[in-house]
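K.L.:
The structure follows.
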Amino acid sequence: MQAVIGIVPQHTTLFNNTIYYNIAYGRLDASKRDIEQAIKHAHLDTFIHSLPDGLNTMVGEHGLKLSGGERQRVAIARVLLKNPAIFVFDEATSSLDTKTEQLIQKNIEEISRDATTLIIAHRLSTVVHADQIIVLEHGRIIEKGTHRELLK
């Protein structure tokens, strides 16, 4: 089951290891090129290139040496590298600025086109392109449909 599902939770816990290890953990047999692609799709490349040790930078216990947004992007890169049949993004971009979130969302849409993708979000901008949006209130479905249908 773990091979089929890839989850990015809101509060990502990383291993006390390198950025490389934390991304490659998603698919230990991945090539360096595959890892670089995942990094690019998660918009981590500029950040990693700015670090003296690059991919070999230690993230600290639970990723404490990284910001919340950086931790989320490492987790997104990990799941994109894994490329599962089912993606689950639980507030996975909540710590990102709007511009970065939009860029990553576009990449997620392209990469997960042939997969089942569940996005849990509070921001409408995160789910505006979804095939189906389900609106919950107090654990109950109060509306569902496309963005356009929900605006009516």
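K.L.:
With respect to T126, determine if the residue is at pLDDT 90 or above and not basic (K, R).
P.N.:
Criteria not met by T126.
K.L.:
Here is a follow-up. Taking region 32-56, which residues are among the small types (G, A, S) and assigned to a helix (DSSP H, G or I)?
P.N.:
Just the residues of region 32-56 that are among the small types (G, A, S), to begin with: 38, 42, 50, 54.
The answer is A38, S50, G54.
K.L.:
Considering every residue within region 12-31, establish whether at least one is without any contact (Cβ under 8 Å) to a residue 12 or more places away in the chain, surrounded by fewer than 14 Cβ atoms within 10 Å (Cβ to Cβ), out of contact with any strand residue (DSSP E or B) (no Cβ under 9 Å at 6 or more places or on another chain) and assigned to a helix (DSSP H, G or I).
P.N.:
no
K.L.:
Give me the pairs, please: first residue somewhere in region 38-51 and on the phi > 0 side of the Ramachandran plot, second residue anywhere and crowded, with 19+ Cβ neighbours inside 10 Å, beta-carbon distance under 7 Å, and either six or more positions apart or on two chains.
P.N.:
Close Cβ pairs satisfying both conditions: H43/R73; H43/I104.
K.L.:
Please work out which one of (1) crowded, with 20+ Cβ neighbours inside 10 Å; (2) under 21 Å from Q37 (Cβ atoms) is the condition G63 fails and give its number.
P.N.:
The failed condition is (2).
K.L.:
Across region 90-106, what is the number of residues that are in a helix (DSSP H, G or I) and buried (at least 18 other Cβ atoms within 10 Å of the Cβ)?
P.N.:
3
K.L.:
Looking at G68, G26, which one is out of contact with any Pro (no Cβ under 8 Å at 6 or more places or on another chain), closer than 17 Å to I104 by Cα and at pLDDT below 95?
P.N.:
It is G68.
K.L.:
Please count how many residues of region 57-89 are outside any strand (DSSP E or B) and within 20 Å of A115 (Cβ to Cβ).
P.N.:
Residues that pass the stated criteria total 13.
K.L.:
Within region 15-48, work out how many residues are in contact with a Ser or Thr (Cβ under 6 Å, 6 or more places away or on another chain) and of a type outside the set (V, I, T).
P.N.:
Number of matching residues: 1.
K.L.:
Can you report the number of residues in region 109-123 which are farther than 19 Å from A85 by Cα and surrounded by fewer than 12 Cβ atoms within 10 Å (Cβ to Cβ)? Please lay out each step first, then the result.
P.N.:
The initial filter retains those residues of region 109-123 that are farther than 19 Å from A85 by Cα, namely 121-123.
Subset that is surrounded by fewer than 12 Cβ atoms within 10 Å (Cβ to Cβ): 122.
Residues flagged as farther than 19 Å from A85 by Cα and surrounded by fewer than 12 Cβ atoms within 10 Å (Cβ to Cβ) within region 109-123 amount to 1.
K.L.:
Is there a residue in region 114-123 that is part of a loop (DSSP other than H, G, I, E, B), out of contact with any helix residue (DSSP H, G or I) (no Cβ under 6 Å at 6 or more places or on another chain) and among the aliphatic types (A, V, I, L, M)?
P.N.:
Looking through region 114-123, at least one residue is part of a loop (DSSP other than H, G, I, E, B), out of contact with any helix residue (DSSP H, G or I) (no Cβ under 6 Å at 6 or more places or on another chain) and among the aliphatic types (A, V, I, L, M).
K.L.:
Looking at T93, is it farther than 18 Å from T12 by Cα and touching a residue at least 12 places away in the same chain (Cβ under 8 Å)? Even if it seems obvious, please write down each step before you answer.
P.N.:
On the way: farther than 18 Å from T12 by Cα: no; touching a residue at least 12 places away in the same chain (Cβ under 8 Å): yes.
When the stated conditions are applied, T93 does not pass them.
The values are calculated or read from the model by the stated rules, or taken from the named source; none is laboratory data. A quick note: this is a predicted structure, and the numbers were derived from the prediction, not measured. Cβ: placed from backbone, ideal geometry, glycine included. Neighbour counts: every protein chain shown.
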